[in-house]
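Student: A single structure is presented below for examination.
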Amino acid sequence: MIAVALAVAWRLVYKAFTLPSFLLPALLFPMIFFLGFAGALGRVAEVPGFRYGPGYEAFQFAFVLLQSAAMAGVFTGFNIAHDFERGFARRLLIAAPRRSGIVAGYVLATMARWAVNITIVFVVAMLVGMSIHGGPVDMFGLLVLGFTLNVVGALWAAGVAMRLRSAQAGPVMQLPIFLLIFLAPVFVPLDLLQGWIHAVATVNPFTHLLAAARSLLAGGTSDVALAFAIVVPLALVFAVWALTGLRRAEAAGG
Amino acid sequence: MSVAAQIGHLGSRAFLRSLRQPGALFFSLGFPLVFLAVVASGLDRASDLPGFPDDSFLDFMMVVPFVHGSLFTAINSAVELGRDIETGFLNRLALTPARGIALMLGNLAGAVALALVQFSIYFAGAAVAGAEFEAGLLGVPVLFALAAMIAVAFGAVGMAIALRTGSSDGVQGMFPLFFVTLFLSSMNMPRDLVEADWFRWVATVNPVSYLIEGLRSLAISGWDPQALALGFGFAVTVIAASVTVATLAFRDRLTRT
Amino acid sequence: MVEKADGARRNDIAVHGLAKQFRKGPRAVDGIDLYVAPGEIYGFLGPNGAGKSTTVHMLTTLLPPSAGTARVGGHDVAREGPRVRTIIGAALQEAALDPFLSGRNHLRLQGALHRLSRSERKRRGDELLERVGLTHAADRRVQTYSGGMKRRLDLALALVHHPAILFLDEPTTGLDPQSRNALWVEVARLAREEGVTIFLTTQYLEEADVLADRVGIIDRGRIVAEGTPAELKAEIGRPTLQVIPADPEERGRIADVLDRFGEPVAGAPGSLAIRLNRDADLTDVVRALDTEGVRVEHLELDAPSLDDVFLAKTGHRLEGQEAPEPVAG
């Protein structure tokens with residue numbers, strides 16, 4: 001199974017680094033969001049009641065880190081749907097002795113790609129003057145949180161892609177993630193939101209992930225335990241979702 | 001048959017084809033409205049910042065969907081042109097007596113027609129959400145005209161890319177770059193309220209800022225001759241440049257005698 | 001339609017020294033001469049990459065020639081593109097259709113661009129849909145059509161404006177035998193009944209054999225043979241003789257006999273085959289086998305095919321050949 005996973009992952013990672021059109025969109029969006037939001041909206045930190053020690057760059061970096069972690073899975077989902085449309089997935093199904101390795105491979109590839117992307121965005125964030133108040137342990141926690149969400153996103157998208165097996169899967173996997181990450185305190189802390197967005201963000205689990213990530217960057221621990229209590233069970237649930245998706249794909253003959 | 005009639009026929013084909021792809025249509029209608037809702041409500045408190053030009057962030061943002069819609073429609077139209085080149089459909093059209101200019105502008109005309117329909121929906125959406133439009137009723141056609149010119153400008157850039165690369169993937173690969181020009185502009189914040197020097201500089205040299213500010217002036221200050229002159233001026237300049245590039249690309253692509 | 005001074009329809013194709021040199025690449029078409037008479041079906045036969053499509057693109061004005069001249073319906077393709085386009089119809093490789101439009105939408109658009117009046121567009125569209133058997137699917141989107149239906153629509157679109165000359169670039173590639181036959185029948189009818197001149201490229205020997213009045217064989221940008229299929233076969237083709245020994249033990253002795261009458265070629269499994277020498281006769285072979293005292297279970301004489309012609313002219317076989325050459329379209 002590990003051999004299958006590594007083979008599947010290697011293929012996607014190889015593609016990502018040899019075909020720029022394959023890697024760029026997944027990198028450009030977090031970059032655009034970070035530069036666009038952190039660059040344009042710095043003065044928002046001056047809004048009365050806005051209190052966040054490390055500054056607006058770090059405030060937005062937390063968002064971009066989680067946004068890109070979740071969305072990276074969608075890009076893998078596109079690849080999976082594409083593989084099924086072109087019949088390549090059938091070849092994988094035939095060749096793989098333990099087919100769950102295929103899912104693991106797609107997840108590994110997602111993690112590898114995200115790791116590269118977020119490193120690049122991090123370097124750019126430091127260049128434009130982001131300051132971090134958290135220590136090494138906080139940063140490690142932030143990375144683990146990011147990777148776990150990354151796995152959740154990949155498993156969710158894989159499950160959808162293997163059920164629909166066509167490009168139609170794109171919007172189906174993208175839209176819920178998109179809504180979850182944007183119907184949250186993206187630009188200002190939760191208590192500065194008003195009206196319907198405040199009501200929605202309050203019940204949105206992604207709000208807690210954002211709060212945890214921002215807290216870790218600031219050297220705090222608030223919401224961190226809650227965030228992990230959300231993403232770890234989600235990873236398990238979506239693992240089942242992805243594996244049953246694989247069974248459906250198998251039943252349909254690829 | 002006149003060139004205008006040929007453009008009409010090719011434009012209606014492009015329009016019809018777009019209507020028959022509800023997925024793409026849904027995205028170019030839905031995303032701008034969702035973005036407006038999320039940003040306008042999420043950044044509502046930013047209108048409290050000293051020097052912010054309006055007391056409502058929704059008013060400030062209400063023209064942004066017009067720019068997004070223009071961009072998406074233009075990209076979709078360029079993707080379709082790339083597909084026409086891939087499938088040989090463009091060659092089929094080239095074998096008819098249709099004039100070259102009609103072949104070039106037909107696609108664009110369909111895109112603009114679709115964009116105008118979308119603009120009406122964005123405007124209605126913003127109005128329902130409670131946005132105020134300072135320029136009043138007379139300002140609406142001006143808003144639509146400038147936004148349509150933006151669609152033509154983006155459309156011609158997309159067309160040039162489609163003609164150069166000859167593929168729909170080529171256009172789709174460029175899509176994020178279009179997005180960069182939007183996000184690194186004064187789309188989300190007035191330029192004089194941007195703190196980061198590098199961003200203010202980029203937004204100031206980015207023509208998209210002036211296109212948005214021209215549209216925005218109608219919503220938040222009514223009739224601002226300077227903002228409108230800059231908006232229309234940049235629109236005309238970008239159109240002139242992009243249509244020239246597209247025409248050259250068209251000549252290279254279509255070598256018919 | 002173009003009328004000559006004497007009133008006859010001017011729909012021939014005359015090509016002299018036509019060449020195309022792509023910027024980065026070899027000479028895709030390397031100085032060809034050909035003439036297609038009015039109402040004739042001309043089969044342009046060659047492997048992938050031989051220069052067939054490039055030739056068609058030049059003759060249909062899509063690509064300017066690098067050298068030479070070509071007159072289509074009396075008009076120079078390089079200088080009178082718009083006039084050429086009014087008299088030709090073309091169905092180019094891979095039915096170029098819009099998946100989101102219906103068959104009827106396509107015909108209306110094509111008719112409009114060919115300046116048919118609104119009522120004429122409708123009448124001609126309906127008539128062509130009927131003729132290619134797509135009336136039942138006229139309002140369905142093309143994305144639901146089968147390969148054969150797409151090719152038929154493609155043909156109908158090429159005919160909207162009553163062209164005098166029709167270019168068909170590999171019209172049956174990828175079609176099932178039934179669809180292929182139906183298309184052949186329609187193409188033959190157009191030439192015989194309506195006097196349309198047809199320039200058809202193909203990589204299928206059978207298609208050229210069945211359909212074409214005359215065949216030009218193109219290989220690596222040059223025409224290597226031209227004539228009616230029968231002439232070509234008679235000119236260079238030699239029959240193949242296949243022999244199956246009654247006793248496999250006698251294979252070697254039979255081979256020795258056959259060697260005297262021609263060079264060995266690949267035959268069916270278990271058989272021995274030779275291409276007969278020009279002066280060899282079947283009766284001589286039978287007599288020699290008899291004298292040798294070997295017994296034969298099966299003996300078969302195969303007439304030469306266009307593939308044999310191709311082999312003789314180019315030194316390689318047509319089927320399965322792919323010349324590594326960039327071609328437009």
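The values are calculated or read from the model by the stated rules, or taken from the named source; none is laboratory data. As the structure is a computational prediction, the values presented were derived from the model and not from experiment. Quick reminder, even Gly has a Cβ in these numbers, built from the backbone with ideal geometry, and neighbours come from all protein chains shown. These area figures cover heavy atoms from the full protein model, side chains too; ligands, DNA and RNA do not enter into them. Shrake-Rupley method; radii C 1.70, N 1.55, O 1.52, S 1.80 Å.
Student: Tell me which residues, restricted to region A:197-228, are more than 18 Å from the chain's Cα centre (by Cα) and among the hydroxyl-bearing types (Ser, Thr, Tyr).
Tutor: The answer is A:Thr202, A:Ser215, A:Thr221, A:Ser222.
Student: Scan region B:217-257 for residues that are more than 14 Å from every other protein chain (Cβ to nearest Cβ) and either open to solvent by 50 Å² or more (accessible area, probe 1.4 Å) or under 30 Å from B:Gly51 (Cβ atoms) (or both) and report the count.
Tutor: The total comes to 27.
Student: Confirm whether A:Ala38 is touching an Asp or Glu at 6+ places or on another chain (Cβ under 6 Å), modelled with pLDDT of 85 or more and of a type in the set (A, V, I, L, M, F, W, C).
Tutor: For A:Ala38, the condition - touching an Asp or Glu at 6+ places or on another chain (Cβ under 6 Å), modelled with pLDDT of 85 or more and of a type in the set (A, V, I, L, M, F, W, C) - is met.
Student: Pick from C:Gly133, C:Gly103: which is outside the structural domain of C:Thr172 (by TED's automatic domain parsing), touching a residue at least 24 places away in the same chain (Cβ under 8 Å) and open to solvent by 20 Å² or more (accessible area, probe 1.4 Å)?
Tutor: Within the list C:Gly133, C:Gly103, the selection yields C:Gly133.
Student: Search region A:162-184 for residues being open to solvent by less than 40 Å² (accessible area, probe 1.4 Å) and more than 16 Å from the chain's Cα centre (by Cα), and hand back the single one that is nearest to B:Gly42 (Cα to Cα).
Tutor: This residue is A:Ala169.
Student: Continuing with the same structure: What residue, of B:Ala153, B:Ala219, is outside any loop (DSSP other than H, G, I, E, B) and under 15 Å from B:Ser77 (Cα atoms)?
Tutor: B:Ala153
Student: Also, quick follow-up: Quick check on my filter: what residues within region C:179-226 are open to solvent by 30 Å² or more (accessible area, probe 1.4 Å) and either closer than 20 Å to C:Gly148 by Cβ or not assigned by TED's automatic domain parsing to the domain that holds C:Leu168 (or both)?
Tutor: Result: C:Arg180, C:Asn181, C:Ala182, C:Val185, C:Arg189, C:Gln203, C:Tyr204, C:Glu206, C:Val210.
Student: Let me ask you something else. Mind listing whichever residues of region A:200-229 are of a type in the set (Gly, Ala, Ser) and farther than 14 Å from B:Val38 by Cβ?
Tutor: Once the filter is applied, which keeps residues that are of a type in the set (Gly, Ala, Ser) and farther than 14 Å from B:Val38 by Cβ, region A:200-229 yields A:Ala211, A:Ala212, A:Ala213, A:Ser215, A:Ala218, A:Gly219, A:Gly220, A:Ser222, A:Ala225, A:Ala227, A:Ala229.
Student: In region A:34-50, what count of residues is obtained for those that are more than 7 Å from every other protein chain (Cβ to nearest Cβ) and closer than 13 Å to A:Pro185 by Cβ?
Tutor: 3
Student: Looking only at region C:126-165, filter to residues that are away from every other protein chain (no Cβ under 14 Å) and of a type in the set (Val, Ile, Thr); which one of those is farthest from the chain's Cα centre (by Cα)?
Tutor: C:Thr135
Student: Only one of (1) modelled with pLDDT under 90; (2) facing another protein chain (nearest Cβ under 7 Å) fails for B:Ser41. Which number is that?
Tutor: Failed condition: (1).
Student: Please return the ranges of helices (runs of 4 or more DSSP H) entirely within region A:48-138 where 3 or more residues are open to solvent by less than 20 Å² (accessible area, probe 1.4 Å) and in contact with a Phe, Trp or Tyr (Cβ under 6 Å, 6 or more places away or on another chain).
Tutor: A:56-85
Student: I would also like to ask the following. Could you say whether any residue in region C:80-100 is in a loop (DSSP other than H, G, I, E, B), open to solvent by less than 20 Å² (accessible area, probe 1.4 Å), within 8 Å of another protein chain (Cβ to nearest Cβ) and aliphatic (A, V, I, L, M)?
Tutor: Among the residues of region C:80-100, at least one is in a loop (DSSP other than H, G, I, E, B), open to solvent by less than 20 Å² (accessible area, probe 1.4 Å), within 8 Å of another protein chain (Cβ to nearest Cβ) and aliphatic (A, V, I, L, M), which makes the answer yes.
Student: Could you pull out every one of the helices (runs of 4 or more DSSP H) wholly within region C:149-260 that has 2 or more residues that are polar (S, T, N, Q)?
Tutor: It comes to C:177-194.
Student: Next question, about the same structure. Checking B:Asp169 against (1) buried (at least 21 other Cβ atoms within 10 Å of the Cβ); (2) modelled with pLDDT under 95, which test does it fail?
Tutor: Answer for B:Asp169: the failing condition is (1).
Student: Just the residues that are under 18 Å from A:Ala125 (Cβ atoms) and either more than 8 Å from chain A (Cβ to nearest Cβ) or assigned to a helix (DSSP H, G or I) (or both), please, taken from region B:163-199.
Tutor: B:Val180, B:Phe183, B:Asp197, B:Trp198, B:Phe199
Student: Of everything in region B:14-34, what is facing another protein chain (nearest Cβ under 8 Å) and open to solvent by less than 10 Å² (accessible area, probe 1.4 Å)? Give them in sequence order.
Tutor: B:Arg17
Student: Then there's this: Say whether the condition of being at positive phi, of a type outside the set (D, E, K, R) and assigned by TED's automatic domain parsing to the domain that holds C:Arg192 is met by at least one residue in region C:154-173.
Tutor: For region C:154-173, residues at positive phi, of a type outside the set (D, E, K, R) and assigned by TED's automatic domain parsing to the domain that holds C:Arg192: present.
Student: Answer yes or no as to whether A:Ser100 is within 14 Å of another protein chain (Cβ to nearest Cβ), under 30 Å from A:Val4 (Cα atoms) and among the polar types (S, T, N, Q).
Tutor: no
Student: Which condition breaks for A:Leu155 when tested against (1) part of a helix (DSSP H, G or I); (2) without any contact (Cβ under 8 Å) to a residue 12 or more places away in the chain?
Tutor: Exception for A:Leu155: condition (2).
Student: Before we move on, is B:Leu182 within 30 Å of B:Gly100 (Cβ to Cβ) and modelled with pLDDT under 95?
Tutor: Here the answer is no, as B:Leu182 does not meet what is asked.
Student: Related question: Could you look through region C:13-50, keep only residues that are in contact with an Asp or Glu (Cβ under 8 Å, 6 or more places away or on another chain), assigned to a loop (DSSP other than H, G, I, E, B) and modelled with pLDDT of 90 or more, and pick out the one that is farthest from C:Val309 (Cα to Cα)?
Tutor: Step by step, filter region C:13-50, then rank; the result is C:Pro38.
Student: Next question. Among the residues of region C:229-250, write down those that are open to solvent by less than 50 Å² (accessible area, probe 1.4 Å), under 32 Å from the mean Cα position of the chain (by Cα) and under 14 Å from C:Glu300 (Cα atoms).
Tutor: C:Pro239, C:Thr240, C:Leu241, C:Gln242
Student: In region B:86-133, which residue that is assigned to a loop (DSSP other than H, G, I, E, B) and surrounded by fewer than 16 Cβ atoms within 10 Å (Cβ to Cβ) is farthest from the other protein chains (Cβ to nearest Cβ)?
Tutor: B:Glu132
To keep it simple, each residue is scored yes or no on (1) in a helix (DSSP H, G or I); (2) aromatic (Phe, Trp, Tyr); (3) under 24 Å from the mean Cα position of the chain (by Cα).
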| site | (1), (2), (3) |
| --- | --- |
| B:Gly11 | yes, no, yes |
| B:Ala24 | yes, no, yes |
| B:Val38 | yes, no, yes |
| B:Gly51 | no, no, no |
| B:Pro65 | yes, no, yes |
| B:Phe72 | yes, yes, yes |
